[in-house]
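The values are calculated or read from the model by the stated rules, or taken from the named source; none is laboratory data. Bear in mind that the values here come from a model prediction, so they are computed numbers and not experimental data. Here the Cβ positions follow ideal geometry from the backbone for every residue, glycine too, while neighbour counts run over all protein chains shown. Just the protein is used for accessible areas: all its heavy atoms, side chains included, with ligands, DNA and RNA removed. Shrake-Rupley method; radii C 1.70, N 1.55, O 1.52, S 1.80 Å.
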Amino acid sequence: MAAAGIDLGGTKIEARVFDDTWVEVARRRVPTPDRYEDLLSAIEALASFADTVAGCKVPLGVGSAGVFDPQGGPAVAANLAVNGHPFGADLTGRLRRPVSLMNDAVASALSEAVFGAGRGADVVVGLSLGTGVGGGVVRHRRPDEGALGVAGEVGHMAAAAHVIVDAGLPVFACGCGRRGCVEAYVSGPGLARMALHLTGEELTPEEVAAQRQGAMSTVWTCWCDLTAALIRQITLTVDPDIIVLAGGLSRVDGVLGDLRSAGAEDVFEGVRPARLALAEGGDASAARGAAYAALQAGGAL
Ligand SMILES: [Zn+2]
């Protein structure tokens, strides 16, 4: 049975239609509207496109930035017009079908658990290191978003204090309204902010990463130490079979080796190392995971 997934981000909405062997057969991308009603209409139009491609009312999932209450409460999404709205219920109403709405990092983690680096593993954690820092827990090929829908929101756990103090970094404010969150340091913008504080240089995250073996080595070491500490915290709370890294910073050359050198896989002396891997699904992961969840919700999987 065909399925469709929509990846909803701050700048673009992308729909992908998959056939029953999970080959992508069509794709359409539109800019993300600023107004909630317009955003619902844009998704409705993408759903119609997917229906036309599939030749039926296709099962549909949406992976979006934000936190979505499994009990249908208002969405929390700082940079999207869905913030404060009962987004899941409104989508179901507009699209005249059940819609599997989930956090995009959770959708990507599900895709990796089923199709990607986590294939065959019982418990998979996806960790997205990009413009934000997010994650998702998947158990036995099913997303586990927890009671409030926040399981895996690891970007808003506390960044490791010893690294911050040793490096002489301040306690950064986070976009969530709290201070000292991992995301404030380990996201792309966080990496650039650390570079500014430690070297006085105003660089993009890509520029910092490109100079990680040169002028930005101290900054990169800090990033690796903080990310390794986050990965250890994930291991200590979830203890997954594998942690799969995704997002822009996961594509920096040699990042896996650098994180291993920083102790990301070391938990306790004598305990075997945790397993880290890079995502395999690329840009299609969130849409593919959301589509897969839609088929699961419909009982087809
Ligand atoms: Zn935060």
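Pairs meeting the criteria (first residue in segment 162-187 and modelled with pLDDT under 95 and in a loop (DSSP other than H, G, I, E, B), second residue near the ligand (Cβ under 8 Å from one of its atoms) and of a type in the set (A, V, I, L, M), beta carbons under 8 Å, at least 6 apart or on different chains) are GLY175/ALA184. If only residues of segment 158-169 that are within 15 Å of the ligand (Cβ to nearest atom) and open to solvent by less than 60 Å² (accessible area, probe 1.4 Å) are counted, the one that is farthest from LEU129 (Cα to Cα) is ILE164. For MET216, the criteria (1) out of contact with any Cys (no Cβ under 6 Å at 6 or more places or on another chain); (2) within 15 Å of the ligand (Cβ to nearest atom) hold in every case but one, which is (2). The residue that is least open to solvent (accessible area, probe 1.4 Å), counting only those in segment 14-34 that are of a type in the set (Asp, Glu) and in contact (Cβ under 8 Å) with a residue 60 or more places away in the chain, is GLU14. Confirm whether SER217 is of a type in the set (S, T, N, Q) and either without any contact (Cβ under 8 Å) to a residue 24 or more places away in the chain or open to solvent by less than 10 Å² (accessible area, probe 1.4 Å) (or both). When the stated conditions are applied, SER217 passes them.
When restricted to residues that are within 16 Å of the ligand (Cβ to nearest atom) and either over 21 Å from GLY263 (Cβ atoms) or more than 24 Å from the chain's Cα centre (by Cα) (or both), segment 188-211 contains 3.
Residue-wise test of (1) modelled with pLDDT of 95 or more; (2) of a type in the set (Gly, Ala, Ser); (3) under 30 Å from LEU276 (Cα atoms).
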position: ALA4; (1), (2), (3): yes, yes, yes
position: PRO33; (1), (2), (3): yes, no, no
position: ALA47; (1), (2), (3): yes, yes, no
position: SER64; (1), (2), (3): yes, yes, yes
position: MET102; (1), (2), (3): yes, no, yes
position: ALA105; (1), (2), (3): yes, yes, yes
position: ALA109; (1), (2), (3): yes, yes, yes
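When we screen CYS181, CYS176 for residues that are crowded, with 23+ Cβ neighbours inside 10 Å, within 16 Å of the ligand (Cβ to nearest atom) and in the same structural domain as SER128 (by TED's automatic domain parsing), the only hit is CYS181. Search segment 115-131 for residues being outside any strand (DSSP E or B) and within 23 Å of LEU46 (Cβ to Cβ), and hand back the single one that is least open to solvent (accessible area, probe 1.4 Å). That would be GLY130. Of all residues in segment 85-99, which are open to solvent by 50 Å² or more (accessible area, probe 1.4 Å) and touching a Gly at 6+ places or on another chain (Cβ under 9 Å)? Of everything in segment 85-99, those that are open to solvent by 50 Å² or more (accessible area, probe 1.4 Å) and touching a Gly at 6+ places or on another chain (Cβ under 9 Å) turn out to be PRO86, ALA89, PRO98. Picking from residues in segment 260-274 that are open to solvent by less than 40 Å² (accessible area, probe 1.4 Å) and either in contact with an Asp or Glu (Cβ under 7 Å, 6 or more places away or on another chain) or without any contact (Cβ under 8 Å) to a residue 24 or more places away in the chain (or both), the one that is farthest from THR235 (Cα to Cα) is ALA262.
Regarding GLY72, is this residue at pLDDT 95 or above and on the phi > 0 side of the Ramachandran plot?
Working: at pLDDT 95 or above: no; on the phi > 0 side of the Ramachandran plot: yes.
No, not satisfied.
The combined condition, being part of a loop (DSSP other than H, G, I, E, B) and either open to solvent by less than 30 Å² (accessible area, probe 1.4 Å) or aliphatic (A, V, I, L, M) (or both), is fulfilled by LEU80.
Does ARG212 satisfy being touching a Phe, Trp or Tyr at 6+ places or on another chain (Cβ under 7 Å), of a type in the set (Lys, Arg) and either open to solvent by 10 Å² or more (accessible area, probe 1.4 Å) or farther than 15 Å from LEU129 by Cα (or both)? For ARG212, the condition - touching a Phe, Trp or Tyr at 6+ places or on another chain (Cβ under 7 Å), of a type in the set (Lys, Arg) and either open to solvent by 10 Å² or more (accessible area, probe 1.4 Å) or farther than 15 Å from LEU129 by Cα (or both) - is met.
Of these, GLU145, GLU153, GLU112, which one is among the charged types (D, E, K, R), farther than 25 Å from CYS176 by Cα and surrounded by 18 or more Cβ atoms within 10 Å (Cβ to Cβ)?
Values: GLU145 fails: farther than 25 Å from CYS176 by Cα; GLU153 fails: farther than 25 Å from CYS176 by Cα.
That would be GLU112, the only listed residue that is among the charged types (D, E, K, R), farther than 25 Å from CYS176 by Cα and surrounded by 18 or more Cβ atoms within 10 Å (Cβ to Cβ).
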